[in-house]
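Report on one structure; see the data block that follows.
The numbers here are math on the coordinates, done by the rules we state, and not lab data. Model, not experiment: these values are computed from the prediction. Cβ placement follows ideal geometry from the backbone for every residue including glycine, while neighbour counts extend to all protein chains displayed.
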């Protein structure tokens, strides 16, 4: 019985030594792997970077001019419509004031009813002005999104050959070598691409 216990202890001892050797080898391998990873990170990859002056691009991009003109035309149309309604309201309010001053109402109730109607019209005009302002803001956002999508999709095509790892917005940079500025190149390509569609 004692011999069996000794054999079991020897087997356990061998197993513990084997486990120790396995764990030690794994630790040694992971240290070596970490060292090679650390060495890899110290060797920096050269990144190919370019930047775009977005403000300049927008000023020169013909599609932007078209979108901006479209928005301005809509704004003028909405303002013209609102101004017509405001002028009609003011004329009606002046007529009401004239009637009050000349005592031209048949009764006090009639004057109060017309005053209430004018107040409702005034509130409706305020609401209309707010709605038109919101409509213009939405239209502006939609046009900006359309423009951004156009430029972003173009940049994907432009950089399909992976010439650049990053194309940055100059406005977000503190400094950049002017030789990395591709704004004019993009403007020319975008305008050349847009003109045939416009024609």
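From zero up to wherever the largest Cα-Cα distance of the stretch 64-134 sits, split into 5 Å bins and tell me the percent of pairs in each.
With 5 Å bins starting at 0, P(r) equals 3, 14, 19, 17, 13, 10, 9, 6, 4, 3, 2, 1.
Would you please put 115-123, 58-66 in order of how densely packed they are, using the mean number of other Cβ atoms within 10 angstrom per residue and starting with the highest?
58-66, 115-123
Rounded if a/c is under 1.5, else prolate if a/b beats b/c, else oblate: with a ≥ b ≥ c from the C-alpha gyration tensor eigenvalues square-rooted, which is the stretch 131-199?
Values: a/c = 2.41, a/b = 1.49, b/c = 1.63.
The shape class here is oblate.
Hey, could you grab the Kirkwood Rh for the stretch 67-199? Inverse mean 1/r over distinct alpha carbon pairs, Å, one decimal.
Result for the stretch 67-199, one decimal place: 20.2 Å.
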